[in-house]
2 protein chains.
Amino acid sequence: MLKNMNFIEKLRETGLRPTKQRVKICEILFNRDKTFHFTINDLAKKISEELNEKISLATIYNTVHALKNKGYLKEISINSDKSYFDTNTSVHHHFYDEDTQQLIDCDENEIETVNVKKNITGKKINSVEVLVRVASNNHNQN
Amino acid sequence: MLKNMNFIEKLRETGLRPTKQRVKICEILFNRDKTFHFTINDLAKKISEELNEKISLATIYNTVHALKNKGYLKEISINSDKSYFDTNTSVHHHFYDEDTQQLIDCDENEIETVNVKKNITGKKINSVEVLVRVASNNHNQN
DNA sequence: TCAACAGTTTAGAATAATTATAATATATAA
DNA sequence: TTATATATTATAATTATTCTAAACTGTTGA
Ligand SMILES: [Mn+2]
Ligand SMILES: [Mn+2]
Ligand SMILES: [Zn+2]
Ligand SMILES: [Zn+2]
């Protein structure tokens, strides 16, 4: 699902009915240049700012989960108290700014491939991801 | 805070009154050979199994947070819906078994030091941690 | 075209983890 | 021992998320 797409067709192909709520949410999420990292609350705020019509919070949850299940969004756990979603669904690394609570994607060339030497019997590795926590120099512990 | 310690003295040194609830919780958490990864619910269950007296859930939360604030426990976010705590407070890597939802510590020698080539202006790196998600070969997607 | 049906949206209730409250109890300093 | 600051507790409140059930809408095929 890329920028400036016909989300009506895209949703249909995916097996999701292109309701106007879903099309709007797709436009907000995917019509942008850079990866978008957001919480449900961020998205709800953006919807109420950019749209005249309200979309029910339940629909926002439903749609985000539907898009996640179809592979267009990825869920990221950083804080225990809220869930982040990511329009970059590939396995990738993040910087997490502890001051602003913002996630920043890390390009492949910015972190050397992580070499995992251990393996757990009977289990296969699904992903290897790095989280780099950053903050201003004045230490404010979390 | 190590195995077989005098937790009464240890708590006092830390500036925490050694109440019998806190001493009991410390015994459960720290009198063990290996790192302990747990949720509040895990700990509450263990307390009710191993003890005759009940400890209020609020006290369990209070104590775990007090120990975290004093640097004896570390909080780990893997799932958005529950918080893990870790008796290993060092910066270290984890395997996460998606089948059993168990965390496993990764020794330093099991993952090569991660080389972060990017830096964010005005921010210093607090930690670099790797999460390796593993599951059985029969793919059950999360 | 349009009725019928399945899938969707919605407000509000329910749930679950966590935190706050405020009364009671306890540890410790004087 | 007494006074005081802290801690424990039951319970209420909060917050993120999910559920429910009724109303609504996209799609299909007569
Ligand atoms: Mn939480
Ligand atoms: Mn949650
Ligand atoms: Zn990302
Ligand atoms: Zn650990």
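The values are calculated or read from the model by the stated rules, or taken from the named source; none is laboratory data. For clarity, every value in this text was computed on a predicted model and none was experimentally measured. When we count neighbours, we look across all protein chains shown, and the Cβ atoms used for this are built from the backbone with ideal geometry, even at glycine.
Details
- Residues (modelled with pLDDT under 95 and either within 14 Å of the chain's Cα centre (by Cα) or surrounded by 14 or more Cβ atoms within 10 Å (Cβ to Cβ) (or both)) located in segment B:77-89: B:Ser77, B:Ile78, B:Asn79, B:Ser80, B:Lys82, B:Ser83
- Pairs are defined by a Cβ separation below 9 Å, a sequence spacing of at least 6 or placement on different chains, a first member in segment B:58-84 that is more than 12 Å from chain A (Cβ to nearest Cβ) and in contact (Cβ under 8 Å) with a residue 24 or more places away in the chain, and a second member that is within 15 Å of ligand 4 (Cβ to nearest atom) and of a type in the set (S, T, N, Q); the pairs so defined are B:Tyr72/B:Thr87; B:Tyr72/B:Thr89; B:Leu73/B:Thr87; B:Leu73/B:Thr89.
- Per the listing B:Thr89, B:Thr39, the residue uniquely touching a strand residue (DSSP E or B) at 6+ places or on another chain (Cβ under 8 Å) and within 16 Å of ligand 2 (Cβ to nearest atom) is B:Thr39.
- Members of segment B:1-24 that are modelled with pLDDT under 95 and touching a Phe, Trp or Tyr at 6+ places or on another chain (Cβ under 6 Å): B:Met1
- Of the set (1) within 13 Å of DNA strand D (Cβ to nearest atom); (2) in contact with a helix residue (DSSP H, G or I) (Cβ under 8 Å, 6 or more places away or on another chain), all apply to A:Ser77 but (2).
- Residues in segment A:105-139 that are among the β-branched types (Val, Ile, Thr) and either more than 26 Å from A:Lys34 (Cβ to Cβ) or more than 7 Å from every other protein chain (Cβ to nearest Cβ) (or both): A:Thr113, A:Val116, A:Ile120, A:Thr121, A:Ile125.
- If you go through segment B:106-126 and pick out every residue that is part of a loop (DSSP other than H, G, I, E, B), among the hydrophobic types (A, V, I, L, M, F, W, C) and more than 17 Å from A:Val128 (Cβ to Cβ), you end up with 1.
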